[in-house]
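Novice: Mind looking over this structure? Questions follow.
The values are calculated or read from the model by the stated rules, or taken from the named source; none is laboratory data. Bear in mind that the values here come from a model prediction, so they are computed numbers and not experimental data. Methodologically, a virtual Cβ is constructed for each residue, glycine included, from the backbone with ideal geometry; neighbour enumeration extends over all protein chains shown. For accessibility, only protein heavy atoms count, side chains too; no ligands or nucleic acids. Shrake-Rupley method; radii C 1.70, N 1.55, O 1.52, S 1.80 Å.
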Amino acid sequence: AFAVDKMTNYHCNLASWHSSRELLQCTFARQALPMVWDFAEGNPLSNSSGCFANMLEWVAKCIEAFPAAAQGRAIQCDAQSDLGLKGIMVSTDPPYYDNIGYADLSDFFYIWMRESLQGTYPELFRTMLTPKTEELVATPYRFDGDANKARDFFEDGMLKAFLQIHSYVDEAFPMTVYYAYRQSEIDEEAGNEEAATASTGWETMLSAILEAGFAITGTWPIRTEMGSRALARSGTNALASSVVLVCRKRPEDAPICTRRDFLNALKRELKPALDKLQSANIAPVDLAQSAIGPGMAVFSRYSKVLEADGTPMSIRTALQIINQELDLYFSEQDSELDADSRFCVDLYTQYAFDELPFGEADVLARAKNTSVDR
């Protein structure tokens, strides 16, 4: 069943030819069904690229390499429902807001797997297509194009899921949350001079974690992504590393603080944390994401951070303040460099070794009082 399912990725008129390696390029180079101008046709009965024997060999290699040494148990269930679990350790990779419609894409493989395995696992394959109404993703088309309803559905679902997790986890272990999604939205309401970056996806996930009663205690950037993957080349909202947020239950008697107290604590604790991250050789493009951990660790240790008017500070405002402190940290490091070096450092910080449009480099160069040619 796995081998047949793997073949569908290659025996499709969206599969193309990889000219440099001279083999079939599969349909899903990224999580989307792309338009292609021409396709390559594999022969399943041959001994070359795309044949059944190759697919079977890869599946067999994977099974042989599985590290499992003891019996395990996997169940499929809804994370928002009470499953009666207690005293467990939780490590989760939550959905990325509206980034990828996994349920829609999985139908491509599901219909073939259902043909093979419906008799073996009737419960898993009882529906014609994959269930979609419960999928926790903010896709407006499922709500008649209403983006607000899609956002509310996602926010409510994330909060319910993390509330359940809060009741499950053993206090002896941290909860870990993987997130490989870059902050990318500019908040124009702050005005041009103070326009700050804060992603809706990050804001929603952090809100759910904190409202459920967790405090973020740290960040582990883990190099999980290949530089050659299509997402890295396409400039989409993806990271070179996965950022793992480490969370523990916040004490019920956590104190309340003012905005000034929060800023003072942030200035005191963020710089040493960033020095430590830099010394760990984290990719510069991911440093802003990794700074969320130590920054939110300060914010989330309090039950509330009160603004000057007495209202609680929002997650978005906290993220913007953390990003502003990050900018100050970089500007201090760059202050002794000449204009050309500052341009190079900024370019590498944002793009690492990825390709980018000349226009974007030119805008950055002018802002640094130099030129791309120079």
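Novice: Being open to solvent by 50 Å² or more (accessible area, probe 1.4 Å) and in contact with a strand residue (DSSP E or B) (Cβ under 8 Å, 6 or more places away or on another chain) is the requirement here; does residue 312 meet it?
Specialist: For residue 312, the condition - open to solvent by 50 Å² or more (accessible area, probe 1.4 Å) and in contact with a strand residue (DSSP E or B) (Cβ under 8 Å, 6 or more places away or on another chain) - is met.
Novice: Let me ask you something else. In region 84-97, is there at least one residue being charged (D, E, K, R), open to solvent by 80 Å² or more (accessible area, probe 1.4 Å), touching a residue at least 60 places away in the same chain (Cβ under 8 Å) and closer than 27 Å to residue 167 by Cβ?
Specialist: yes
Novice: Quick check: anything in region 1-24 of a type outside the set (A, V, I, L, M, F, W, C), open to solvent by 80 Å² or more (accessible area, probe 1.4 Å) and modelled with pLDDT of 85 or more?
Specialist: Yes, region 1-24 contains at least one residue that is of a type outside the set (A, V, I, L, M, F, W, C), open to solvent by 80 Å² or more (accessible area, probe 1.4 Å) and modelled with pLDDT of 85 or more.
Novice: Would you point out which residue out of 80, 76 is touching a residue at least 24 places away in the same chain (Cβ under 8 Å), exposed (fewer than 15 other Cβ atoms within 10 Å of the Cβ) and within 28 Å of the chain's Cα centre (by Cα)?
Specialist: The match here is 76.
Novice: Taking into account only those residues within region 335-365 that are free of Cβ contacts under 8 Å to residues at least 40 places away in the same chain and outside any helix (DSSP H, G or I), which is most open to solvent (accessible area, probe 1.4 Å)?
Specialist: Result: 336.
Novice: Which residue out of 332, 325, 269 is under 27 Å from residue 90 (Cβ atoms) and either open to solvent by 20 Å² or more (accessible area, probe 1.4 Å) or at pLDDT below 90 (or both)?
Specialist: Going through 332, 325, 269 in turn, just one is under 27 Å from residue 90 (Cβ atoms) and either open to solvent by 20 Å² or more (accessible area, probe 1.4 Å) or at pLDDT below 90 (or both): 269.
Novice: Of everything in region 113-147, what is at pLDDT below 90, in a helix (DSSP H, G or I) and open to solvent by 70 Å² or more (accessible area, probe 1.4 Å)? Give them in sequence order.
Specialist: 141
Novice: Same structure, new question: Take the residues of region 25-60 that are assigned to a helix (DSSP H, G or I), exposed (fewer than 14 other Cβ atoms within 10 Å of the Cβ) and under 31 Å from the mean Cα position of the chain (by Cα): which is modelled with the highest pLDDT?
Specialist: 60
Novice: Report, ordered by the first and then the second residue, all pairs with beta carbons closer than 9 Å, sequence separation of six or more or different chains, a first member in region 110-126 that is within 13 Å of residue 2 (Cβ to Cβ), and a second member that is outside any loop (DSSP other than H, G, I, E, B) and open to solvent by 90 Å² or more (accessible area, probe 1.4 Å).
Specialist: Filtered contacts from region 110-126: 113/2; 116/2.
Novice: When you scan region 356-369, how many residues do you find that are of a type in the set (D, E, K, R) and at pLDDT 85 or above?
Specialist: The total comes to 1.
Novice: Report, ordered by the first and then the second residue, all pairs with beta carbons closer than 9 Å, sequence separation of six or more or different chains, a first member in region 130-151 that is farther than 15 Å from residue 204 by Cβ, and a second member that is open to solvent by less than 90 Å² (accessible area, probe 1.4 Å) and aromatic (Phe, Trp, Tyr).
Specialist: Sorted first by the residue in region 130-151, then by its partner, the pairs are 130/110; 142/153; 143/153.
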